[in-house]
1. Between B:ARG376, B:ARG316, which is open to solvent by 60 Å² or more (accessible area, probe 1.4 Å), charged (D, E, K, R), touching a residue at least 40 places away in the same chain (Cβ under 8 Å) and under 30 Å from B:LEU57 (Cα atoms)?
2. Mind counting the residues in region B:256-270 that are at the interface with chain A (Cβ under 10 Å from one of its Cβ atoms) and not in a helix (DSSP H, G or I)?
3. Failed condition for A:LYS130, given (1) open to solvent by 60 Å² or more (accessible area, probe 1.4 Å); (2) more than 27 Å from B:GLY244 (Cα to Cα), with all others met?
4. Could you please give the count of residues in region A:196-213 that are over 17 Å from the mean Cα position of the chain (by Cα), at pLDDT 95 or above, buried (at least 17 other Cβ atoms within 10 Å of the Cβ) and not aliphatic (A, V, I, L, M)?
5. Pull up region A:244-260, narrow it to residues that are surrounded by fewer than 21 Cβ atoms within 10 Å (Cβ to Cβ) and either in contact with a Leu (Cβ under 7 Å, 6 or more places away or on another chain) or among the hydrophobic types (A, V, I, L, M, F, W, C) (or both), then point me to the one that is farthest from the other protein chains (Cβ to nearest Cβ).
6. Under the condition of being within 7 Å of another protein chain (Cβ to nearest Cβ) and modelled with pLDDT under 95, which residue from region A:148-164 is surrounded by the fewest Cβ atoms within 10 Å (Cβ to Cβ)?
7. Condition first: more than 24 Å from A:TYR159 (Cβ to Cβ) and in contact with a Leu (Cβ under 7 Å, 6 or more places away or on another chain). Now tell me which residues in region A:207-243 satisfy that.
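The values are calculated or read from the model by the stated rules, or taken from the named source; none is laboratory data. Everything numeric here is computed off the predicted structure, so don't read it as measured data. Don't worry about glycine lacking a Cβ; one is built from the backbone with ideal geometry, like all the others, and counts go over all protein chains shown. Protein only, heavy atoms only, side chains kept; ligands, DNA and RNA dropped before computing areas. Shrake-Rupley method; radii C 1.70, N 1.55, O 1.52, S 1.80 Å.
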Amino acid sequence: MITFKRILALVLGLGILALTSCKDDDTKTSDDLVMLDIHFLHYGEGQPLLFDSLIYVNEAGNKYEVTEIQWFVSDIILTGPDKTTSITQNENIHYIDTNIPETSTWTISEGVPVADYTSLTLTFGLKDEKNTVGKFTDPPEANMIWPFHIGGDNGGYHYMKLNGFWIDVENERQPFNFHLGVGSVEEGGETTFIQNWFEVTLPLSIAQLSKRDTVVLPVVMNVENWFGNPNTWDHDVVGPKIMKNQTAMRMGIENGMTDGFSIGNIEIINHEE
Amino acid sequence: MKNEILLSAFLGFLLLAGCGDSEVQKGPTPYEFPGIFYFPKDLNIPEDNLTTEEGVLLGRYLFYDGRLSGRTHQDSLMSCSSCHLQQNGFDTGFDHPEFTSGRPRGLAGTFTPHYTLPLVNLVYNTNGYFWNGFIEASNPQYGSEAHHVPAEPHFHMKNIESIVWMTIVDPNEINGSIEQTVQVISEIPVYPPMFKDAFGSEEVNIERITKAIAQFVRTIISNNSKYHQYIEGKTVLTESESRGMELFFSEEADCFHCHGGFLMSTYEFFNNAKDSVFTDPFDRFGVTGDIMHTGVYRAPSLINVELTGPYMHDGRFKTLREVVDFYSDGLVISPYTHPLMKYISTNGVQMSEEQKDDLIAFLKTLTDHQLLTDPRYAKPSDLN
């Protein structure tokens, strides 16, 4: 029995050796890929946001602070003159939570083809077909659940929870929950659900890549812009909650679409030498 | 060529696996957790203590065996079931025969610093155990001065296993010694063979005791409440219960942002606006040292909440009515209040009496009556 096993082990060993040597030859013909690290940064007035700090003033003049931001980005596509690359990893969904630092980086380990790229398209939140009830069973994503009676079958999860405080007209510190997701409008006993996710395309420049490079690509959420341009967001008028207020959610969405996101300084790390 | 090698390698594996199998002794049977489609798939089970049928059975005996205290006199018995009663969803509850205030005392007669937490669905919580989340996989600490656990490398503070040795030595609980417990358990004739079935030999040691009890606790799963049956389409809610559910799962009363999901908790940590002065050294701040965690506790699961009072870590509310009154108009702001407590300016949600009734009716749909007598979790009938 033992000798039989030994022989088998030998055969196996040789087999593995042979296999790995075959593989070495193969790499020459495989697609040239670069690694991609997408960093999700949150900025306040042009600088990395300071959480729990009552130092920001929005367009309406409300003094405010941000406690935490939790949101979904999805359907990220890089486009260039000769190439369109859509991420397939994790169904092209990523969850970002400022309480969980490691979620600020999404490492695209499947790699991205070497090419020139001139823009990045992202979806804020989740499109209908990716936002089905019960899609996420595990935390932290599962904790983004959006109530069924105001979201319907394709409104399973918040797109974003941005929580904080503002100083109200009576000079009191008030909590606000800037929560975005599927909207609902009730009319004559009927509920209509409104998809509020949006796509933005942000120009960028990635060129002269060579294989084994790592591209570090910062996507910046500019927090103050969600509260201004084109719609001035006055916390004193809107109040602390908006999940059932489609008019308010739409205002926030339009602001986010306009300049809620930008691309930071892209870094290309060369691993050749 | 490649294919041939692959094939021979594959055949080799098959043969090896075959040879191996015939030589391996029959070990304990892996325990199969139920696949509940709406519960998390990631189970909080440490790699060095996989759950087995034999381990769970042994754990159930020890959970209910008062001699875990390391003593045999009738007045000095204490085990997990002394404070965690099945009839109350494995919490102490209002009607404990001995701890009539609902707050447990250890064998030395002193109160535990906090009120009890229920032991259901713990296997799904990956965000830390205890009100303050002290017991957590990434906790690098060994031992704990507060609980009198020595700072030795085997006394990690990472999971349910850790809570077992804490219970044994903590002056507010068993107030015993590990050696004494191991000694007493090893001298009870039923146990050595059970240890053999679960762990391969008759040796009784503290590691095995903790592992077996933790295995049993992980198997206590609750998804048979009326609400869960409703989710599964097996029953309907009354009008009052549905109205209560809508209050709960909307920004109207807004409970779901903290107690939401199907486990009725996010297992996240919040300051839920009960106080403006903070004196408890065992809050979340006591664990993380982050000033923003002052007066912060883990939002507990509300499954069986009807039975798990008195409520909050300090048992300040005796009834669900008191809890709902608090969320309706008892909130107090502090610099640490979580922003999800968004009704702070009106001291609360401001619910009408009817809304409060509806909300309580919904909370009562979270009672899993089957769990309360489920023989799989009950005291073994031959243990006295």
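1. Working: B:ARG316 fails: under 30 Å from B:LEU57 (Cα atoms).
Criteria check complete, one pass: B:ARG376.
2. Taking region B:256-270 and keeping what is at the interface with chain A (Cβ under 10 Å from one of its Cβ atoms), we get B:256-258, B:260-263, B:265-269.
From the residues that got through so far, the ones that are not in a helix (DSSP H, G or I) too are B:260-263, B:265-269.
Qualifying residue count, region B:256-270: 9.
3. Status for A:LYS130: all satisfied but (1).
4. 0
5. Taking region A:244-260 first, the residues surrounded by fewer than 21 Cβ atoms within 10 Å (Cβ to Cβ) are A:244-248, A:250-251, A:254, A:257-259.
Okay, now just the ones that are also either in contact with a Leu (Cβ under 7 Å, 6 or more places away or on another chain) or among the hydrophobic types (A, V, I, L, M, F, W, C) (or both), so A:248, A:251, A:257.
Values: A:ALA248: 12, A:MET251: 17, A:MET257: 24 Å.
This residue is A:MET257.
6. Of region A:148-164, the ones within 7 Å of another protein chain (Cβ to nearest Cβ) are A:149-150, A:163-164.
From the residues that got through so far, the ones that are modelled with pLDDT under 95 too are A:149-150.
Numbers: A:HIS149: 14, A:ILE150: 21.
Only one residue fits best here, namely A:HIS149.
7. As a first pass, look at region A:207-243 and keep what is more than 24 Å from A:TYR159 (Cβ to Cβ): A:207-216, A:236.
The answer is A:LYS211, A:VAL215.
Let's see how each residue does on (1) at pLDDT 95 or above; (2) outside any loop (DSSP other than H, G, I, E, B); (3) surrounded by fewer than 21 Cβ atoms within 10 Å (Cβ to Cβ); (4) not basic (Lys, Arg):
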position: A:SER74; (1), (2), (3), (4): yes, yes, no, yes
position: A:ASP82; (1), (2), (3), (4): no, no, yes, yes
position: A:THR107; (1), (2), (3), (4): yes, yes, yes, yes
position: A:THR123; (1), (2), (3), (4): yes, yes, yes, yes
position: A:LYS135; (1), (2), (3), (4): yes, no, yes, no
position: A:TRP166; (1), (2), (3), (4): yes, yes, no, yes
